[in-house]
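Written below as structure tokens is the structure these notes are about.
The values are calculated or read from the model by the stated rules, or taken from the named source; none is laboratory data. This one's a predicted model, so the numbers in the text were calculated from it and none came from an experiment. Virtual Cβ from ideal backbone geometry, glycine too; neighbours counted across all protein chains shown.
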Amino acid sequence: MHEKLTYSGHECKNYLYFSFDADYFDTKKITDEMNMAPNSVMIKNEPIPKSTAWKYQLDAGNEIDLEKYLQELIDMLEPKTEIINRLKNQFDLTTRIQFVIDIDVNPESSTPYFGLNKKVIDFLAKTGTEVDFDLYKTNTIGTLQ
């Protein structure tokens, strides 16, 4: 049996991020080597978070065209492919692109969309980056009047 989608409220807050993940690692070294400031860092602790993460996030808000945000993220990361791979090997890290998407249950609203073009797929393959999706329900019925 599958769990129900989590309810996210009355406003769509779509975003996506690229992360380095592992049990423990020096997130400052990632920032220095990538020459990018993360939007957030989590350090493993008990009971949560269960791992350490360095995240660079792009907020899309209520935009439904997530493809342009994905392309912007890939355009920033692709020139750093060698650095990403070196950091992954040096610190035993995994990488991930995470989509956090609010699906509006309002029948008048469009659903978010994106595509994985060749450039995105090439980056994912060259860096061994996983893709993950978190989907949440949002209900804007009556709030957009």
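Hey, any hits in the range 5-18 for a residue that's acidic (Asp, Glu), assigned to a helix (DSSP H, G or I) and surrounded by fewer than 16 Cβ atoms within 10 Å (Cβ to Cβ)? No, the conditions are met nowhere in the range 5-18.
When each of Ile64, Ile84 is tested for being over 24 Å from Phe20 (Cβ atoms) and hydrophobic (A, V, I, L, M, F, W, C), the lone residue that passes is Ile64.
Please find, within the range 28-51, the residue that is surrounded by the most Cβ atoms within 10 Å (Cβ to Cβ) out of those that are assigned to a helix (DSSP H, G or I) and without any contact (Cβ under 8 Å) to a residue 40 or more places away in the chain.
Going through the range 28-51, the residues assigned to a helix (DSSP H, G or I) turn out to be 28-34.
Restricting the remaining residues to those that are without any contact (Cβ under 8 Å) to a residue 40 or more places away in the chain gives 28, 31-32.
Working: Lys28: 11, Thr31: 15, Asp32: 10.
My answer is Thr31.
Against the condition at pLDDT below 95, out of contact with any helix residue (DSSP H, G or I) (no Cβ under 7 Å at 6 or more places or on another chain) and among the charged types (D, E, K, R), how does Glu63 come out, does it pass? Break it down into steps so the answer makes sense when it comes.
On the way: at pLDDT below 95: yes; out of contact with any helix residue (DSSP H, G or I) (no Cβ under 7 Å at 6 or more places or on another chain): yes; among the charged types (D, E, K, R): yes.
It is true that Glu63 is at pLDDT below 95, out of contact with any helix residue (DSSP H, G or I) (no Cβ under 7 Å at 6 or more places or on another chain) and among the charged types (D, E, K, R).
So, restricting to strands (runs of 3 or more DSSP E) that lie completely within the range 52-145, which ones have at least 3 residues that are in contact (Cβ under 8 Å) with a residue 24 or more places away in the chain and buried (at least 18 other Cβ atoms within 10 Å of the Cβ)? Explain how you work it out, then say what you get.
Working: elements: 52-61, 94-104, 130-138.
Ranges flagged: 52-61, 94-104.
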